[in-house]
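Written below as structure tokens is the structure these notes are about.
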Amino acid sequence: MLRYLAKRGITYVFMIFLTTSAGYFLAVTSLKPALLEQERIPRPTPEQVANSMRLKGLDPTLSPWERYVDWLTGIVTRWDWGRSPNGAYINAEFGDRVWISTRLFLAAIILTLVIGVGLGVYSAARQYQYQDRVITSYSYLAYIVPAPIAYFLVQLGAININETFGGRILFVTGISTPGVEPGWPQFVDMLAHYAVPTVAITLVGWGSYQIAQRQYLLDNVNADFVRTARAKGLTRNQAISRHALRVSFIPVAQSIAFTIPAIFAGGFFAEKIFAWPGIGSWSIDAISLQDVNAATATLAYGSVIFALGAILADFATTLVDPRVRVQ
């Protein structure tokens with residue numbers, strides 16, 4: 001299995017290189033940071049703008065290929081992803097923001113998977129009962145409502161809770177409170193800021209898993225191997241948990257490759273709405289600020305996230321599907 005995952009990892013590294021390179025050429029030909037530089041007050045001369053861009057590695061007089069070679073050489077030899085038009089170093093900006101996004105999305109991804117699959121099994125075992133109808137109806141509703149609208153609704157609900165109790169119970173924006181003492185108070189403050197955005201992302205994300213797990217499990221409940229297990233003396237719940245559940249989880253495990261990037265993509269809106277300075281808000285700002293290197297770095301980050309999700313899906317599939325064998 002490790003050999004199989006290693007081969008897949010090499011393939012994904014090659015794909016990341018191709019998508020990042022293509023993204024750089026697209027960014028360098030469409031984003032023009034020199035134009036924004038010319039709108040500064042006092043207005044700089046064209047010579048000053050050209051010199052400023054050249055010092056930051058954004059020389060507009062070079063061809064896209066020449067800029068790509070310089071940029072790629074800096075990454076390979078020094079792990080230097082370049083600078084932004086405002087002079088900030090991409091490495092420093094990325095390092096701070098990626099940790100913020102990872103902290104936010106890691107808990108949401110785990111909760112989404114666990115709750116979605118768990119409720120899918122629970123509702124399938126109670127097909128057409130009121131529990132199944134309520135859970136599945138909510139999942140379809142969460143599935144069709146756009147993520148930004150759902151995040152706004154959760155934020156408004158948290159604000160109403162604060163107004164009801166006459167004080168701040170839930171934090172609806174920001175990642176921390178300034179001036180909090182280090183240690184336990186700081187940890188509690190961090191959890192308080194995590195609560196609302198994590199709940200919002202989870203409530204939007206687990207619906208698709210619940211629908212898929214419920215449907216796949218119901219497809220296998222009356223399969224021949226489940227009937228055989230029941231004929232040998234197992235109860236219905238035992239046959240489902242020991243046999244049907246494992247088979248029905250195979251396609252759900254394979255969808256992890258697409259769900260994890262989708263959560264990160266939807267999290268871009270969450271970071272803007274809840275004022276978290278993570279990768280998502282940074283990528284949106286990079287496009288509006290004509291930041292070639294930052295836009296490319298966020299694209300590379302998204303490619304890496306997709307690759308990690310695909311590797312996790314491959315790993316989960318090899319665990320639950322005995323038919324997968326790699327020589």
From the residues in the range 108-137 that are over 24 Å from Ala253 (Cβ atoms) and part of a helix (DSSP H, G or I), which one is most open to solvent (accessible area, probe 1.4 Å)? Tyr130
Let me spell it out: the conditions are (1) closer than 23 Å to Ile260 by Cβ; (2) open to solvent by 30 Å² or more (accessible area, probe 1.4 Å); (3) at pLDDT below 90, and Val154 meets all of them except one. Which number is the exception? (3)
Do we find that Tyr140 is part of a helix (DSSP H, G or I), within 18 Å of Leu31 (Cβ to Cβ) and among the hydroxyl-bearing types (Ser, Thr, Tyr) in this structure? no
Taking Ala257, is it under 13 Å from the mean Cα position of the chain (by Cα), at pLDDT 80 or above and farther than 30 Å from Gly57 by Cβ? no
Can you name the residue in the range 28-74 that is in contact with a Phe, Trp or Tyr (Cβ under 7 Å, 6 or more places away or on another chain) and farther than 17 Å from Ala286 by Cβ and is also surrounded by the most Cβ atoms within 10 Å (Cβ to Cβ) among such residues? Tyr68
Only one of (1) without any contact (Cβ under 8 Å) to a residue 24 or more places away in the chain; (2) part of a helix (DSSP H, G or I) is not met by Ala195, so which one is it? (1)
Is it fair to say Arg83 is surrounded by fewer than 19 Cβ atoms within 10 Å (Cβ to Cβ) and basic (Lys, Arg)? no
Residue match in the range 244-262 (condition: open to solvent by 30 Å² or more (accessible area, probe 1.4 Å), more than 23 Å from Tyr140 (Cβ to Cβ) and in contact (Cβ under 8 Å) with a residue 12 or more places away in the chain): yes
Which of the following residues is of a type in the set (Asp, Glu) and open to solvent by 40 Å² or more (accessible area, probe 1.4 Å): Asp224, Asp189? Asp224
Go through the range 197-211 and give me each residue that's open to solvent by less than 30 Å² (accessible area, probe 1.4 Å) and either among the basic types (Lys, Arg) or closer than 21 Å to Arg126 by Cα (or both). Trp206, Gly207, Tyr209, Gln210
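The values are calculated or read from the model by the stated rules, or taken from the named source; none is laboratory data. Please read these numbers as outputs of a predicted model, since none were measured by experiment. Neighbour counts run over all protein chains shown; Cβ positions are idealised from the backbone, glycine included. Areas reflect the complete protein model, heavy atoms only, side chains present, ligands, DNA and RNA absent. Shrake-Rupley method; radii C 1.70, N 1.55, O 1.52, S 1.80 Å.
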